Amino acid sequence: MNPTLPSPPSPEDPPGPPSPEPPPSALDRFGGLALAIWASVVLALLGAFWTPLRIGTVLIPISLVIVAAGNWLLVRLAYRATGALGLSLVPALAWLVVTLLLAQKTTEGDLVLAGNNWVANAYIIVGSLSAAFAAYRVMNPGRPRPGKNGPGPVARETGFPT
């Protein structure tokens with residue numbers, strides 16, 4: 001049996017861990033934030049106009065699923081684009097402003113988010129909660145998982161596995 005020796009590193013392979021990617025430029029940050037704000041306004045409009053969606057006489061709450069996923073993703077997108085916690089909340093605030101405007105009557109008496117529609121009421125609550133939970137997860141990403149970066153923090157401090 002001949003043991004196989006590892007090949008020597010080539011001069012093109014950089015030693016050590018890969019270098020971190022450069023931070024986004026100001027134009028990339030602004031563009032990502034503008035995209036997230038625009039998408040949150042579209043989300044608020046589409047979700048609000050889909051609250052009275054019915055099949056026969058049954059209300060279909062598709063707007064609840066859309067707003068829960070949409071607000072979560074938009075807060076995460078804004079954070080990844082800007083890297084700033086405060087700016088990651090701007091799309092959620094834009095969604096909230098548009099939604100609250102659609103929940104008020106116009107001078108002609110038009111109303112998009114009616115108070116007698118349970119989907120419209122749940123739409124405001126679910127959208128606000130999903131944005132708040134996404135913001136919480138951005139601010140507190142959680143502790144590292146034991147399988148990826150060695151033992152968890154409790155195991156390192158005490159010597160006992162978690």
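The values are calculated or read from the model by the stated rules, or taken from the named source; none is laboratory data. Worth saying up front: this structure is predicted, and the values here are computed from it rather than measured. A quick note on method: Cβ atoms are made from the backbone with ideal geometry, for glycine too, and the neighbour counts reach across all protein chains shown. Calculation scope for accessible area: heavy atoms of the full protein, side chains included, ligands and nucleic acids excluded. Shrake-Rupley method; radii C 1.70, N 1.55, O 1.52, S 1.80 Å.
At-a-glance table
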{"quantity": "Cut-off under 5 Å, modelled amide H: who pairs with LEU59 long-range", "calculated": "none"}
{"quantity": "Residue-level accessible surface for ASP28, protein heavy atoms, 1.4 Å, Å²", "calculated": "90"}
{"quantity": "Exposure ranking of TYR79, TYR123 by accessible area [1.4 Å probe, largest first]", "calculated": "TYR79, TYR123"}
{"quantity": "In sequence order, calculated HN-Hα J values of the stretch 123-138 (Karplus, 6.51, -1.76, 1.60; Hz; x Gly/Pro)", "calculated": "4, 5, 5, 5, x, 5, 5, 5, 5, 5, 5, 5, 5, 4, 5, 5"}
{"quantity": "Whole-Hz couplings from phi, Karplus 6.51/-1.76/1.60, listed for the stretch 84-95; x for Gly and Pro", "calculated": "10, 5, x, 6, 6, 8, 4, x, 5, 5, 5, 4"}
{"quantity": "Probe 1.4 Å, all protein chains present, accessible-area order of TRP50, TRP95, TRP72, largest first", "calculated": "TRP50, TRP72, TRP95"}
{"quantity": "All-pairs Cα distance distribution in the stretch 46-131, expressed in whole percent, bin size 5 Å", "calculated": "3, 16, 23, 22, 15, 11, 7, 3, 1, 0"}
{"quantity": "Label point distance in nm, TYR136-ILE62, each placed 7 Å from Cα along Cα→Cβ", "calculated": "3.0"}
{"quantity": "Accessible area of GLU108 in the full protein assembly, 1.4 Å probe (Å², nearest 10)", "calculated": "140"}
{"quantity": "Separation of alpha-carbon centers, the stretch 43-64 and the stretch 100-114, rounded to whole Å", "calculated": "16"}
{"quantity": "Nearest-10 value in Å² for the accessible area of LEU89, using the 1.4 Å probe", "calculated": "60"}
{"quantity": "Solvent-accessible surface ranking, highest first, for THR57, THR106, THR99 at 1.4 angstrom", "calculated": "THR57, THR106, THR99"}
